[in-house]
Amino acid sequence: MPEYIPTIGLEIHVELKTETKMFCDSPNNPEEKNPNTNVCPVCLGHPGTLPTINKKAVEAVIKVGMALGGEINKFTKFDRKNYFYPDLPKGYQISQYDQPLVIGGSLNGVKLRRVHLEEDTGRLLHDPSGEGSLVDYNRAGVPLMELVTEPEIKSAEEAVSFAKELQLILRYLGVSTADMERGQMRVEVNISLGKWSKGNWKQGTKVEIKNLNSFSAVSGSIEYETKRQAEVMKTGKVKHETRGWDDVKHVTVSQRSKEEAHDYRYFPEPDLPPLETESLNPEALKISLPELPGDKRERFKKEYNLEGSKLESLIIDQDLAEFFEESVSEIKEFDSNSSHQTLFNYLTSDLVGLIKESGTSFKELKVKPEHLAHLSFLIDSGRIGSRQAKDVLRKMFETGADPEEIIKSENLENISDESELETVIKKIIEANPVAVGDYKKGKTASVQFLVGKAMAELRGRGNPEKLKEIFVRLLT
């Protein structure tokens, strides 16, 4: 048993995918490259302006709360969180303190404390020369969901697994793209070490690591901070502070002493009325929830006998999973006993490869699910081999044509007539006396060389197993 045991809690901030910002009608466009374009007097904090609650953002957080099994607060309100920083134009942030939208819930066995709604800050752009900093307020006022877990996580692996599953749920719900590289999902880790001493549990001092923008940063920061705190505790006491993650040196670095709730001087936002969530028809929102990743994972295991990396490749890509299901349903039109394994392989390797190669997406795909199912049937029934199948699929990708049409027009169907195959095989035997002699001397691997020659002569239109069978019969 390790001397020190980490206790980890996560605070995850997520930018919501709404048309406008949280309290004004400025566009919420993360793709905007020109600074200070999507701004107005409200999100810039001009005197005399009044905020208005974005209903879609509130509904998005309620959906997240329902998906995570949380309790939707029937009465909620917004509060002012007071602190001064250059990227906070009003000098305070509109957030939620004692009456958040969502209370409780769980994910991956980790209990949640709350999910609340607030506004994002602007973005500071620092001059590399050290001459100064500029502020871009395009992000200021963007709807920001904050999820807080209970401190129940015990390892970096658990933390990353939690964050990945949350990201999936957010994408399934359509409430956020949750792209960590673009800052749309940012993780903060609260970590302290504790140990048992003479039958009593002694908890160490909590340290917060802020603004982690990748899963590797989450994992690396926890691993490093666990070791750092353990070293400090051997001779002293861990300082209660906020730290950052250096992605180059792979270490945490001290930033400032940790604030407490009273430092922010929370008080109810006087410019916004309290909100009764019953007015938003939460039952209708619950009915609108899609099948969530956990449910889909269990169903795919049961219905398609998929697991491990194969299963996850479908769960993490909704478009891929939808195309797979539609294609599988079409297989029965060709053969009620056909397996979906061939279809899965050609979909997730060859077709996905063509999509990546061309830079397109499933939404632009010319290949129809029924055509991929047809191709799978043609392969399983032996009418075409793997070599022809790749050529046919590329033609399908380029033209959207049915595989049967391509096979006929390109003359790609396997030759199944045994007399025709024997004619080719005899020709190969006559042209390769050395390989034939080696086979007759006991070098059975030579038959594979002969099969390869026959396949080349047939332009891939032969069944390798059938060819081997005929070779062995004629050479014995």
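A short reminder: the numbers here are calculations on the coordinates, not readings from a lab. Since the model is a prediction, treat every value here as computed from it, not as a measurement. As a convention, Cβ positions derive from the backbone with ideal geometry for all residues, glycine included, and neighbour counts pool all protein chains shown.
Kirkwood Rh, the stretch 117-267, all Cα pairs: how many Å? Display every interim value, and only then the final one.
Working: mean 1/r = 0.0572 Å⁻¹.
Taking every pair of different Cα atoms in the stretch 117-267, averaging 1/r and inverting gives 17.5 Å.
When each pair of different Cα atoms in the stretch 418-475 is counted once in the 1/r mean, what is the Kirkwood radius in angstroms, to one decimal?
Numbers: mean 1/r = 0.0908 Å⁻¹.
Mean inverse Cα-Cα distance, inverted, gives 11.0 Å.
If the cut-off is 18 Å between C-alpha atoms, which aspartates and glutamates fall inside it for K390, apart from same-chain ones fewer than 8 positions away?
The qualifying aspartates and glutamates are D350, E357, E370, D380, E398, D402, E404, E405, E410, E413.
What GluC sites (Glu not before Pro) in the stretch 74-140 are in a loop by DSSP, with at most 15 other Cβ atoms within 10 Å of the Cβ?
Counting only loop positions with at most 15 other Cβ atoms within 10 Å, the GluC sites (Glu not before Pro) in the stretch 74-140 are E131.
Under a Cβ-Cβ cut-off of 11 Å, what is the net charge of the residues other than K368 that fall near it, where Lys and Arg count +1 and Asp and Glu count -1? Don't jump to the answer; show the numbers that get you there.
Working: positive: K366; negative: E326, E330, E370, D402.
With Lys, Arg at +1 and Asp, Glu at -1, the neighbours total -3.
Given charges of +1 on the Cβ of Lys and Arg and -1 on the Cβ of Asp and Glu, with all other atoms neutral, how large is the dipole of the chain about its Cα centre, in debye to the nearest 20?
Details: 65 positive and 77 negative charges, 323 e Å.
The dipole of the chain has a size of about 1540 debye.
Based only on Cα atoms, what mean projected area does the convex hull of the stretch 354-476 have, in nm²? Spell out each step's value before the answer.
Numbers: hull surface 34.8 nm².
Value for the stretch 354-476: 8.7 nm².
Quick one: R299, R123, R243, fewest Cβ neighbours within 10 Å first, how do they rank? Display every interim value, and only then the final one.
Numbers: R299 12, R123 15, R243 23.
Least crowded to most crowded, the residues run R299, R123, R243.
Pairs of alpha-carbon atoms within less than 8 angstrom and 6+ residues apart define the contacts here; what relative contact order does the stretch 418-475 have, in percent?
Details: 43 pairs, mean separation 21.3, N = 58.
Dividing the mean separation by the residue count of the stretch 418-475 yields 37 percent.
Mind pulling the angle between the C-alpha long axis of helix 386-399 and the longest principal axis of the chain? Nearest 10 degrees, somewhere in 0 to 90.
On a 0 to 90 degree scale, this one is about 60.
Does the stretch 258-321 classify as rounded, prolate or oblate by the C-alpha gyration tensor (a ≥ b ≥ c root eigenvalues; a/c under 1.5 gives rounded; else a/b over b/c gives prolate, otherwise oblate)?
Oblate, since a/c reaches 1.5 and b/c is not below a/b.
By how many nm would the segment from H240 to E157 lengthen if fully extended, with 0.36 nm per residue of separation less the alpha-carbon distance?
On the way: separation 83, 0.36 × 83 = 29.88 nm, distance 2.42 nm.
Answer, rounded to one decimal: 27.5 nm.
Pairs of alpha-carbon atoms within less than 8 angstrom and 6+ residues apart define the contacts here; what relative contact order does the chain have, in percent? Let's see the in-between values first.
On the way: 804 pairs, mean separation 61.5, N = 476.
Taking the mean separation of contacting Cα pairs over the length of the chain, I get 13 percent.
How would you rank R459, R297, R394, R114, going from fewest to most other Cβ atoms within 10 Å of each one's own Cβ? Don't skip to the end; give the middle numbers.
On the way: R459 12, R297 18, R394 15, R114 21.
Final ranking by Cβ density, sparse to dense: R459, R394, R297, R114.
Could you tell me the center-to-center distance, by alpha carbons, between the stretch 180-207 and the stretch 1-51 in angstrom?
Taking the Cα centre of the stretch 1-51 as reference, the centre of the stretch 180-207 is 25 Å away.
What is the ratio of the Cα radius of gyration of the chain to 2.2 N^0.38 Å, where N is its residue count, to two decimals?
Values: Rg = 30.5 Å, N = 476, 2.2 N^0.38 = 22.9 Å.
Scaled against compact globular proteins, the figure is 1.33.
What share of the DSSP beta bridges in the chain is antiparallel, in percent to the nearest 5? Intermediate results must be reported in sequence, preceding the final value.
On the way: 56 of 58 bridges.
DSSP beta bridges in the chain are roughly 95 percent antiparallel.
Report the Cα centroid-to-centroid distance between the stretch 247-301 and the stretch 124-153 in angstrom, as an integer.
16 Å
Counting only other residues whose beta carbon sits under 14 Å from that of F75, what net charge do I get with K and R as +1, D and E as -1? Show your work: numbers first, answer last.
Values: positive: K74, K77; negative: E71, D79, D98, E276, E278.
For residues surrounding F75, the net value is -3.
What's the local net charge at V135, with K and R +1, D and E -1, over the other residues with C-beta under 11 Å away? Kindly include the intermediate steps, with their values, before the conclusion.
Numbers: positive: R123, R139; negative: D87, D136.
Charge balance near V135 sits at 0.
Listing K77, K55, K234, K63 from the residue with the fewest other Cβ atoms within 10 Å to the one with the most, what is the order?
On the way: K77 17, K55 12, K234 9, K63 23.
Listed from fewest to most nearby Cβ atoms, that is K234, K55, K77, K63.
Specify whether the C-alpha gyration tensor of the stretch 293-410 places it in the rounded, prolate or oblate class, a ≥ b ≥ c being the square roots of the eigenvalues: rounded for a/c under 1.5, otherwise prolate if a/b is larger than b/c and oblate if not. If you can, show how the numbers build up before the last one.
Working: a/c = 2.06, a/b = 1.37, b/c = 1.51.
Taking the square roots of the gyration eigenvalues as a ≥ b ≥ c, the stretch 293-410 is oblate.
List, in the order given, every pair from K55/K302; K81/K234; K164/K302; K441/K466; K17/K210; K33/K90 whose Cα-Cα distance in the structure shown is over 29 Å.
Working: K55/K302 38 Å; K81/K234 37 Å; K164/K302 23 Å; K441/K466 23 Å; K17/K210 23 Å; K33/K90 23 Å.
In this structure, K55/K302; K81/K234 exceed 29 Å between Cα atoms.
When the expected Rg is taken as 2.2 N^0.38 Å, what fraction or multiple of it is the alpha-carbon Rg of the stretch 5-287?
Numbers: Rg = 19.2 Å, N = 283, 2.2 N^0.38 = 18.8 Å.
So the Cα radius of gyration is 1.02 times the expected 2.2 N^0.38 Å.
Between the stretch 393-472 and the stretch 72-93, what is the C-alpha centre distance in whole Å?
Taking the Cα centre of the stretch 72-93 as reference, the centre of the stretch 393-472 is 72 Å away.
Where in the stretch 255-353 are there GluC sites (Glu not before Pro) that are in a DSSP coil and have at most 10 other Cβ atoms within 10 angstrom of their Cβ?
Passing sites in the stretch 255-353 are E260.
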